[in-house]
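The values are calculated or read from the model by the stated rules, or taken from the named source; none is laboratory data. Fair warning: this is a prediction, and the values are worked out from it, not measured in the lab. Here the Cβ positions follow ideal geometry from the backbone for every residue, glycine too, while neighbour counts run over all protein chains shown.
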Amino acid sequence: MAASSKPTDKNSHPYDALPNHLNFDWMISEPKFTADTRTDFYDRSLTSRRYALVGVACSIIFSCSCTITGIVALANYGIFGIIYVNNTSPQEETLTLALNLIVTLCTESIGVVHGISLRSALASESRLHFNTNLRLLTAARGWYNPNGALINGILAVLLIISYSSVSFIVCGTTDYGLGIAGLPLLILGVALLLQVMIALLGMQAVKILTWSSSPFDLTAALVHHTQLTPVTLRCMRCVSDLDTYGGPAKPSEIQPSAWHAHPSIRKVVIFLWVIVAACAGWAALVMYIWDKTAYSSSDLVYGFGNALTLQTWSFFPNGQYIEYDSSGVMLFSWVNMAAIQGPLTLGLHCSELIANVIRDEKQWRCATGKNGLITATNPVKTIFAHPICLILFVAKPFLHWMFGLAFNLSDYAQNGQLNGLSVYMYTAQIWNLCIALFIFACFFTFVALRRPHGPQPAAYGHLQTLANLVDEWSPVMWWGHKEDGIPYCHAGTSDHPLPDVKMDCVYAGSDVGSRVAFSRAISTSG
């Protein structure tokens, strides 16, 4: 039984515009499927679904634990009450780092579910172009849609609240060492629980074709369900050629960078450098205020500590800093914290786009390697097997922790109650954070600007490009030269290794069209 895709309206795909003198109808590939058309020829990745839901379940358990503990603390000790922790417990900085790591694990698990549902919602609206998108800054249509702009904005606020709450939870005491503040713990639990609810609502609101993070499973699913139509004559055209009247082309020895291929990546890189500049300006401002208020009798801001030198520089706070009193109003301190930490949270979130786009491209470039391209992906291996994804995963809790060292809330407790809140800004620790952000921005800028070598057209997870380049689907694929022809040769994919493309030949593809090898895929995966 053959499943054919109907040509879509030309105006609905601006990237696929073709010269007027060419016949558009015959250039649309009609996928021909061998064997039967069972829907399991692409990986629905139910394993990824199980992993994601287990992560969400763990997030629910942690958020409910925080919520219940916070309620108990408030009921027994009042709104500013704390729960004492044994003197032999780790230091405050260690506990805060551990909490940041747990929050990262929870928000990443929730983000996987939300990202998959948002991707499916965009695909149903024919607005999905890349496998990876800015999750909180890309929305489906409809204000009240669980994947819409309003809910995504709420998710962004909840994400910022989740990280900023951590700085309030662990506090020092004058009698028992460390304490856990009940109200911030309650707010952290509620923020995480609301994120879980939104993610689950988004999952229920849309039909998810595949849970796989692989762009190849997603492309195959969209082609099979006629939501994406391959275009011929573009077997040697990369993603940056989509806005041109491209047809036959010679192979190129070097491919465009992610910076040029994905418009949102340019915005992310610029935003990262804005954060670095803002952090440097923050440090300079604190040094200026310290110089004006050091040991003064100011009623608003106080400057303490020695002048910042190489001798007084340290990783942990113990040197030059300024302090201002929030008059015991926790909400005021929270707004201060969230307003400054918010850009950092969003910047790290947006960096996921660069990491995932580079991951998708590296997977595609395996098609010219010895072992070929394995379309299926392991969701856990995806994080730890790709260095850039692992770096980002480690950087998130670490940079938030460094921010907590630079912007410190002195919430010491006495007799089971928070005594008052004072805000401390440590100059050396702000500069430490600035240096770390500078290194982070340099690394991601380098990755975004790096141009892959080789004639294989770059796709960066662009679904239409992959649909044009992959003409034969199988669990393991190789890309290369397939057919000689006059006047054009054909390059594509196969389930066996292919010879290298000929650099002096012009490639345009085959009129046979795309072929999805169901029999090979099913026999191999079975």
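Scan the range 315-338 and tell me whether some residue there is among the hydrophobic types (A, V, I, L, M, F, W, C), at pLDDT 90 or above and either surrounded by 14 or more Cβ atoms within 10 Å (Cβ to Cβ) or in contact with a Leu (Cβ under 6 Å, 6 or more places away or on another chain) (or both).
no
Since V268 meets every condition but one in (1) in contact with a Ser or Thr (Cβ under 9 Å, 6 or more places away or on another chain); (2) at pLDDT below 85, which condition does it not meet?
So the condition that V268 fails would be (2).
Can you confirm whether the range 190-209 contains a residue that is part of a loop (DSSP other than H, G, I, E, B), of a type in the set (K, R) and more than 24 Å from the chain's Cα centre (by Cα)?
Scanning the range 190-209 turns up no residue that is part of a loop (DSSP other than H, G, I, E, B), of a type in the set (K, R) and more than 24 Å from the chain's Cα centre (by Cα).
Which residues, counting only those in the range 141-165, are among the aliphatic types (A, V, I, L, M) and either modelled with pLDDT under 90 or surrounded by fewer than 18 Cβ atoms within 10 Å (Cβ to Cβ) (or both)? Don't jump to the end; show me each part of the working.
Residues of the range 141-165 that are among the aliphatic types (A, V, I, L, M), as a first pass: 149-151, 154-161.
Selection gives A149, L150, I154, A156, V157.
Looking for whichever is at pLDDT below 95, out of contact with any helix residue (DSSP H, G or I) (no Cβ under 7 Å at 6 or more places or on another chain), in a loop (DSSP other than H, G, I, E, B) and on the phi > 0 side of the Ramachandran plot here; the options are T226, T244. Which one fits?
Every option except T226 fails the conditions.
If you go through the range 286-310, how many residues are part of a helix (DSSP H, G or I) and either closer than 18 Å to N432 by Cβ or at pLDDT below 85 (or both)?
Result for the range 286-310: 6.
Does P251 satisfy being surrounded by fewer than 19 Cβ atoms within 10 Å (Cβ to Cβ), over 21 Å from the mean Cα position of the chain (by Cα) and closer than 28 Å to V447 by Cα?
no
I'd like to check which helices (runs of 4 or more DSSP H) are fully inside the range 330-410 and have at least 2 residues that are within 28 Å of F80 (Cα to Cα). Explain how you work it out, then say what you get.
Working: elements: 330-365, 379-385, 387-406.
Because the criterion is at least 2 residues that are within 28 Å of F80 (Cα to Cα), the helices (runs of 4 or more DSSP H) in the range 330-410 that meet it are 330-365, 387-406.
Could you look through the range 54-75, keep only residues that are more than 10 Å from I110 (Cα to Cα) and hydroxyl-bearing (S, T, Y), and pick out the one that is farthest from the chain's Cα centre (by Cα)?
Among them, the one singled out is T69.
Matching residues to (1) at pLDDT 85 or above; (2) among the basic types (K, R); (3) more than 29 Å from S314 (Cβ to Cβ):
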residue: I340; (1), (2), (3): yes, no, no
residue: I358; (1), (2), (3): yes, no, yes
residue: N371; (1), (2), (3): yes, no, yes
residue: K381; (1), (2), (3): no, yes, yes
residue: H400; (1), (2), (3): yes, no, no
residue: F403; (1), (2), (3): yes, no, no
residue: S410; (1), (2), (3): no, no, no
residue: T427; (1), (2), (3): yes, no, no
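Looking only at residues that are surrounded by 22 or more Cβ atoms within 10 Å (Cβ to Cβ) and not aliphatic (A, V, I, L, M) in the range 261-285, which one is nearest to A436 (Cα to Cα)?
This residue is C279.
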